[in-house]
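Have a look at the structure below, then the notes.
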Amino acid sequence: MSIKDNLKTVRQSIPSHIQLVVVTKTMPVASLQKAYDCGERIFGENKVQEIIQKQALLPSDIKWHLIGHLQTNKVKSIVPFVEMIQSVDSLKLLQEIDKQALKHNKIQKCLLQFHIAEEETKFGFNLEEVKAVLNHIKINPLSNIQICGVMGMATFTKDENQIRKEFRYLKSIFDILKSEYFIDNEYFKEISMGMSGDFELAIAEGATIVRVGTMIFGERNYK
Ligand SMILES: *Cc1c(COP(=O)(O)O)cnc(C)c1O
C-alpha cells in the first residue's frame, strides 16, 4: 500500500474534529513530502536533531509537534519553529520553554505528558507531581506558555482492556486538571492519546489528538 492509500484508510477512521499528528520519525524527507502532498500539515517527531533537519527541508506551513523527550538544553533550538511540545514532563522544562518563547516573542503551546503505561521506561508526570507544578506556576505565572492539555502513551500490549483502562485514566486526569486548574481556560482542551495500534480505542475514550506513524509509513527501521 502507498502512503496515500494508507493515509486514506487512517483518515477514514478518524472523525474530522480530531487532530491527526502524522508521526514521521525515522522516515526520509521524501515520505514526509508525500504525506504533505496528500494534504497533511501536522507532523510529529521525537528527536530534536531530526525535527530541526527536516523542518529546514520542508514547506514552512507544516505544524511541527515534538512528541519525544526534550532536554532543557535543547529547548532553544526548537522553540523558534515548533507548533506544540507534547512531551513536557518537568517544571524546569516548562520554565525553560517559557524563557525561550519570551525571547522569540511567541506563546508556546505545550501538553503535559503523563506516565500511564506499565512500562518503566516511558517518561511523564503522575498526578501528584503535576499538581505541584501547577500550584507553583499559579503563584509564579509563566507568561509565554499555553498549557493545552495532556498526552500519554498506553502500554504496548494486545490487551484491549488494559489499554482502555490507561486511556480512561488519562481522560480522568484531564478532567481533574480541567476542573481544578483550567476551568475558565479555553485552551486547555486536548487529550493526545492513541497510536497505530490503538487510536480507535483512544478516540472512543475521548482523545482529541491521535499520533499515527506505522499505519501510514509502514514499519520503522531504526538502523
Ligand atoms: C512513535 C510514536 C508514535 C507513533 O507510533 P506508531 O505506532 O508508529 O503509530 C506516537 N506517539 C509517540 C510519542 C511516538 O514516539
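For the stretch 156-161, putting each phi into the Karplus relation 6.51 cos²θ - 1.76 cosθ + 1.60 with θ = phi - 60° gives couplings of 7, 8, 8, 6, 4, 5 Hz, in residue order, rounded to whole numbers and with x for Gly and Pro.
This model, with +1 at the C-beta of Lys and Arg and -1 at the C-beta of Asp and Glu, gives the chain a dipole about its Cα centre of some 640 debye.
Prolate is the label for the stretch 107-171. Its Cα gyration tensor axes, ordered a ≥ b ≥ c, give a/c of at least 1.5 and a/b above b/c.
The share of Cα pairs per 10 Å bin across the chain, counted from zero up to the longest distance, runs 8, 34, 38, 18, 2, 0 percent.
Close amide H partners of I145, meaning residues 5 or more places away or on another chain with modelled amide H under 5 Å apart, are Q108.
The phi torsions of the stretch 69-85, fed into the Karplus equation with coefficients 6.51, -1.76 and 1.60 and a -60° offset, translate into couplings of 4, 10, 8, 3, 6, 9, 4, 5, 7, 10, 3, x, 10, 6, 6, 8, 9 Hz, rounded to whole numbers, with Gly and Pro shown as x.
The numbers here are math on the coordinates, done by the rules we state, and not lab data. This is a predicted model, so every value here is computed, not measured. Every residue, glycine as well, gets a Cβ built from its backbone with ideal geometry; the counts of neighbours run over all protein chains shown.
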